[in-house]
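Undergrad: Right, I'll just put the structure down here and ask away after.
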Amino acid sequence: MRQTILFYRKEMLEMARNYKWIWVPLVFLLLGVMQPIMSYYMPEILQHAGNMPEGTVISMPTPTGGEVLAQTLSQYSVIGVLILVLSMMGMVASERQSGVASLIFAKPVSIVSYILAKWCSAITITAVSFLLGYAAAWYYTVQLIGPIQITHALAAGGVYLLWLCFVVSVTVLVSVGVSSTGGVAFVSLAFIALLSFISSLFAKVFMWSPSQLSGLAAEWLHYGESARPTFAILFTSIGSMALLLAVAMFIMRRKSPIGTHA
Amino acid sequence: MNLTVNWNIIAPILVIQLILLITALVSLYKTSATRGPKWMWIPIIIFVSIFGPVLYFVIGRKDA
């Protein structure tokens with residue numbers, strides 16, 4: 001436990017030195033702020049876009065607050081996930097490449113606390129960044145577009161945060177298994193995209209898959225309480241995250257040349 | 001082309017972008033080596049909005 005905390009603090013320090021604590025939250029904030037503003041100005045932007053015959057009247061249904069917030073989440077699903085994976089791809093892989101890992105494991109260090117600390121620190125920055133961006137998006141949506149029911153927005157935010165945590169867990173596992181940082185990013189993104197794609201194709205079979213989380217968050221914003229049953233998906237997601245971490249620890253123990261202390 | 005823009009709404013976006021840009025430049029100034037020539041990153045950071053600084057932080061920094 002003490003070791004885990006020690007490693008956790010080391011990770012946090014390293015992320016601060018890498019400027020990750022500045023740029024990752026800022027990018028999430030930017031994404032969150034931009035979507036409501038884009039929706040707000042959309043009629044005007046369309047009007048000034050070229051290729052429109054004179055006198056064209058564009059009538060667009062004004063989106064509700066929930067819809068705009070759901071659009072923000074779908075922005076996070078593309079660019080947010082990309083940013084997260086890219087910022088964390090080197091977590092274990094680059095440490096092993098540079099030899100820092102073998103330096104660490106020359107001492108009796110437990111692999112469990114090593115991986116756990118990496119995961120916890122990654123979750124911390126993810127949660128802070130996402131919550132910051134989401135809060136900004138929420139604020140702007142309420143100011144510019146329209147009201148959102150607080151419980152729905154909170155539920156959607158919580159569900160979506162769990163999806164990002166799942167993404168982080170996948171990245172941690174891949175970062176342990178693949179040795180080049182570029183490879184880590186590619187494999188993680190490919191896995192997440194494939195999982196989302198397959199589970200949208202076979203929605204019945206993958207009803208409880210963690211990849212349903214992002215859709216579920218959007219449903220909460222659109223329909224509120226009449227969204228799909230939530231708790232089953234939450235349980236499978238938390239379970240699969242634990243499984244991913246366990247596999248990561250297993251692979252780490254197999255791969256590390258010296259450190260066999262569990 | 002005269003979009004009526006409420007600057008109170010747009011200002012936060014510009015401020016956040018500016019902070020991102022300055023952070024990237026400060027980091028570039030302090031770092032000893034980057035992937036690719038160091039001067040190359042200055043126009044990327046300044047002229048490619050949002051993704052320029054991000055690109056620098058993700059692949060430009062050697063210790064990242």
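Undergrad: What is the percent of Cα-Cα separations in the range A:2-255 that go past 32 Å? Walk me through the numbers before you get to the answer.
TA: Values: 9361 of 32131 pairs.
Of the Cα pairs, 29 percent sit more than 32 Å apart.
Undergrad: Turning to a different aspect of this structure: For q values of 0.15, 0.18 Å⁻¹, compute log₁₀ I(q)/I(0) with the Debye formula on a Cα-only model of chain B, without solvent.
TA: Result of the Debye calculation: -0.50, -0.63.
Undergrad: What is the average number of partner chain Cβ atoms found within 10 Å of a Cβ in B:23-32?
TA: Average per residue, whole number: 2.
Undergrad: If you don't mind, there's one more thing I want to ask. How long are the semi-axes of the ellipsoid equivalent to the range A:42-152, from square roots of 5 times the Cα gyration tensor eigenvalues, in whole Å, largest first?
TA: Rounded to whole Å, the semi-axes are 46, 19, 8.
Undergrad: Within chain A, which whole H helices from DSSP have a Cα span along their axis of at least 27 Å and a mean Kyte-Doolittle hydropathy of 1.6 or more, if any?
TA: Counting only whole DSSP H runs, the qualifying helices are A:150-177, A:181-201.
Undergrad: Mind checking which of A:139, A:79, B:9 is farthest towards the positive end of the protein assembly as shown's charge dipole, using Cβ charges of +1 (Lys, Arg) and -1 (Asp, Glu) about the Cα centre?
TA: Toward the positive end, the furthest listed residue is A:79.
Undergrad: Could you check the simple spin-label distance between residue A:124 and residue A:60, using points 7 Å along Cα→Cβ, in nm with one decimal?
TA: 4.1 nm
Undergrad: Can you give the charge dipole size of the protein assembly as shown about its Cα centre, rounded to the nearest 20 debye, using +1 on the beta carbon of Lys and Arg and -1 on the beta carbon of Asp and Glu?
TA: Using only the charged Cβ atoms, the result is roughly 1540 debye.
Undergrad: What does the charge count around residue A:182 come to, taking other residues whose C-beta lies under 15 Å from its C-beta (Lys +1, Arg +1, Asp -1, Glu -1)?
TA: Counting the neighbours of residue A:182, the net charge comes to +4.
Undergrad: Given a cut-off of 21 Å, name the pairs among A:10/B:38; B:30/B:62; A:107/B:30; A:118/B:30; A:20/A:107; A:107/A:255 whose C-alpha atoms lie farther apart than that in the structure shown.
TA: A:10/B:38; A:107/B:30; A:118/B:30; A:20/A:107
Undergrad: Under the rule of -39500 (n - 2.57) per DSSP H run of 4 or more residues, summed and divided by the residues of the protein assembly as shown, what mean residue ellipticity at 222 nm is obtained, to the nearest 500 deg cm²/dmol?
TA: The helix contribution divided over the protein assembly as shown gives -24000 deg cm²/dmol.
Undergrad: Could you work out the relative contact order of chain A? I mean the mean sequence separation of Cα pairs under 8 Å and 6+ apart, divided by the number of residues, in percent. Mind dumping the intermediate values first?
TA: Values: 316 pairs, mean separation 76.4, N = 262.
After rounding, I find 29 percent.
Undergrad: Roughly how far apart, in whole Å, are the Cα centres of the range B:1-55 and the range A:83-109?
TA: So the separation of the two Cα centres works out to 28 Å.
Undergrad: Springs between alpha-carbon pairs under 10 angstrom, Gaussian network model over chain A: which of A:116, A:31, A:103 fluctuates most?
TA: Per the Cα network of chain A with a 10 Å cutoff, A:103 tops the list.
Undergrad: Further, regarding this structure: Could you list, bin by bin from short to long, the percent of Cα-Cα pairs of the range A:99-244 in 5 Å steps?
TA: 2, 9, 15, 19, 18, 14, 11, 7, 4, 2, 1, 0
Undergrad: Most fluctuating residue of A:88, A:38, A:249 in a GNM of chain A with Cα springs under 10 Å: which is it?
TA: A:38
Undergrad: Sticking with this structure for a sec: Quote the FRET efficiency, to the nearest 0.05, computed for residue A:17 versus residue A:46 with a Förster distance R0 of 56 Å and r equal to the Cβ-Cβ distance.
TA: 0.80
Undergrad: For chain B, set up a GNM with springs between Cα atoms under 10 Å and report which of B:11, B:24, B:33 has the largest fluctuation.
TA: B:11
Undergrad: Let me ask something else about it. I'd like the FRET efficiency for residue A:225 and residue A:3, computed as 1/(1 + (r/R0)^6) with the beta carbon distance as r and R0 of 35 Å, rounded to 0.05.
TA: 0.20
Read-outs: derived from the displayed coordinates by stated rules, not from any lab. Everything numeric in this text was worked out from a predicted model, so none of it was measured. Every residue, glycine as well, gets a Cβ built from its backbone with ideal geometry; the counts of neighbours run over all protein chains shown.
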